[in-house]
Amino acid sequence: MVVLFDLDGTLVDSVYQHVLAWREALEEAGIALSVWRIHRRIGMSGGLFVQALLRETGHQVTTAEAARLQRLHAAAYARQVAQVRPLPGARELLAYLSQVGMPWAIATSGRIESARTALDILGISSDVPVITRDQVQHAKPDPDLFLAAAERLGVAISASVVVGDSVWDLLAARRARALGVGLLSGGYGQDELERAGAYRVYQDPADLLRHLDEVGIRVAE
């Protein structure tokens, strides 16, 4: 068994920084959208995210416009990133998995430029497999990121536990045929995560660490 983690909202408390960064990017492009509508799409691939949000406004977006919005978001997020912190128990959970010899990897819909700071905040070493949007054809809710992470670890995806905070993470896990575990730390409700395929739902990484036995990971005696 291996564990595959999402990043934003799962290991680092960064969802709302991304929401505000997207609002800033959209407003700079002359598009007004409520933050709750933006939040509902966080965790999707950037391209699908832009298409979905702009569909709600009735605005048709060109490929060039979508690329510009993603650049604006990246710049706005860079101004917010100093506020990002590890979620409770994130470092301890990862350290424990390493201690007991449980392989793990990170698979994020973010591109490497936005993910790098979060990885540094967590103290992720260079030998940990990290799959970002730049490395796959499609991001969540497609399963590509998790499939690539499992392959990097040299295991079948069916032997993987996917931990994520959004319905998009869990839909991708279901499509990959991995066991999905949800965290409430990204702002989605327990019922939403369970409907998307979560086998168990916990509050945050600290809560998951206390209940690892429930997902088949042996704890120290």
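The values are calculated or read from the model by the stated rules, or taken from the named source; none is laboratory data. Note that the coordinates shown come from a computational prediction; the quantities given were computed from them, not determined experimentally. Neighbour counts are summed over all protein chains in view; Cβ atoms, including those assigned to glycine, are modelled from backbone coordinates with ideal geometry. Calculation scope for accessible area: heavy atoms of the full protein, side chains included, ligands and nucleic acids excluded. Shrake-Rupley method; radii C 1.70, N 1.55, O 1.52, S 1.80 Å.
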7 Å from Cα along Cα→Cβ at both Gln190 and Trp36: what's the point-to-point distance in nm?
2.2
Share of Cα-Cα pairs in region 110-154 lying beyond 15 Å, as whole percent:
46
Choose one of Leu153, Val201, Gly110: the residue whose Cα lies farthest towards the positive end of the charge dipole of the chain (beta-carbon charges +1 Lys, Arg; -1 Asp, Glu; about the Cα centre).
Gly110
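How fast does the chain diffuse by Stokes-Einstein, in µm²/s, taking the Kirkwood radius from C-alpha pairs at 10 °C and 1.306 mPa s?
Working: Rh = 17.3 Å.
Calculated translational D: 92 µm²/s.
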Leaving out ligands, DNA and RNA, and with a 1.4 Å probe, what % of the accessible surface on region 85-140 is carbon or sulfur?
48
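If you place +1 on the Cβ of every Lys and Arg and -1 on the Cβ of every Asp and Glu, how big does the dipole about the Cα centre of the chain come out, in debye to the nearest 20? Intermediate results must be reported in sequence, preceding the final value.
Details: 22 positive and 26 negative charges, 83 e Å.
Rounded to the nearest 20 debye, it is 400 debye.
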Quick one: if the Förster radius is 30 Å, what FRET efficiency do Arg177 and Ala74 give, using the C-beta to C-beta distance and rounding to 0.05?
0.40
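I need the calculated FRET efficiency for the pair Glu65 and Ser125, taking r as the beta carbon distance and R₀ as 35 Å, to the nearest 0.05.
Values: r = 38 Å, r/R0 = 1.09.
Taking R0 as 35 Å, the efficiency between Glu65 and Ser125 is 0.35.
Could you rank the peptides 146-155, 125-134 by their average count of other C-beta atoms within 10 Å per residue, with the highest value first? Spell out each step's value before the answer.
Details: 146-155: 20.0, 125-134: 15.2.
Packing order, densest peptide first, comes out as 146-155, 125-134.
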Solvent-accessible surface (1.4 angstrom probe) belonging to Val167, in square angstrom, nearest 10:
20
Residues whose built amide H sits under 5 Å from the amide H of Val12, excluding neighbours closer than 5 in sequence, are Leu87
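Helix-only mean residue ellipticity at 222 nm, the chain, DSSP H runs n ≥ 4 weighted -39,500 (n - 2.57), per residue, nearest 500. What is it? Kindly include the intermediate steps, with their values, before the conclusion.
Details: 10 runs with 102 residues, N = 221.
Computed ellipticity for the chain at 222 nm equals -13500 deg cm²/dmol.
With +1 on each Lys and Arg Cβ and -1 on each Asp and Glu Cβ, how big is the dipole of region 128-221 about its Cα centre, in debye rounded to the nearest 20?
Numbers: 10 positive and 14 negative charges, 57 e Å.
Dipole of region 128-221, to the nearest 20 debye: 280 debye.
May I ask you to derive the relative contact order of region 155-221, considering only C-alpha pairs under 8 Å and at least 6 residues apart, and to give it as an integer percent?
Working: 106 pairs, mean separation 17.8, N = 67.
Result for region 155-221 is 27 percent.
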Compute the semi-axes of the equivalent ellipsoid of region 1-118, taking the square root of 5 times each eigenvalue of the Cα gyration tensor, and list them largest first in whole Å.
30, 14, 12
Relative contact order [Cα under 8 Å, 6+ residues apart], the chain, whole percent
25
Given an 8 Å cut-off on Cα distances and at least 6 residues of separation, report the relative contact order of region 100-221 as a percent.
17
